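A short write-up of the structure that comes next.
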Amino acid sequence: MTATRPARSTQKESVQLLCKSIITRLENRKSISFPPRLRQIVQDEVHNLVGPYILTDQDLRERTLAKIGAKAEVLQDSQFTDSDQYKTAKAIVRSTFGDDELNGFYFQKSLKVVAKTIAEYMMRSSHIDEVYETDDDLEQIIVEVVKQFDLENVH
């Protein structure tokens, strides 16, 4: 019997795990400090802040299926197969994200803008006791975490 690897597609919960990884990495690197009892609040606030700008494979699939539903008559008239309909709709939906795709995440704002948003949150949040990095350094660390994020290795 061979072990099966998890699917590479990302779920909505993956964005929460990504936000948790960012917070954990910043804390482990001593870039930020906050009371442990506020960890979940900080993670939730970061997720609520940037989550709407980071879509997953699941989000892409849902938008694609919605697009097919809305345009089914047009696609049916052109004699596409179901697979071709899906591929065409997915390409249309995917094109709205530009080139901002990384590790199964589709960024509606650039990764740099997302990192800047998180860094600004760290600087102004009443839940963060101390920030020991400059804005630029925080942004760089956040970008690093996102680029290295691998859902299969998250515990």
Set the bar at 21 Å for Cα to Cα. Now go through 87/112; 20/116; 87/109 and name every pair that lies beyond it. 87/112; 87/109
With a 1.4 angstrom probe the carbon and sulfur portion of accessible area for the range 108-155, in percent, totals 45 percent
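The values are calculated or read from the model by the stated rules, or taken from the named source; none is laboratory data. This structure is a prediction, so every number in the text was calculated from the model and none was measured. Just the protein is used for accessible areas: all its heavy atoms, side chains included, with ligands, DNA and RNA removed. Shrake-Rupley method; radii C 1.70, N 1.55, O 1.52, S 1.80 Å.
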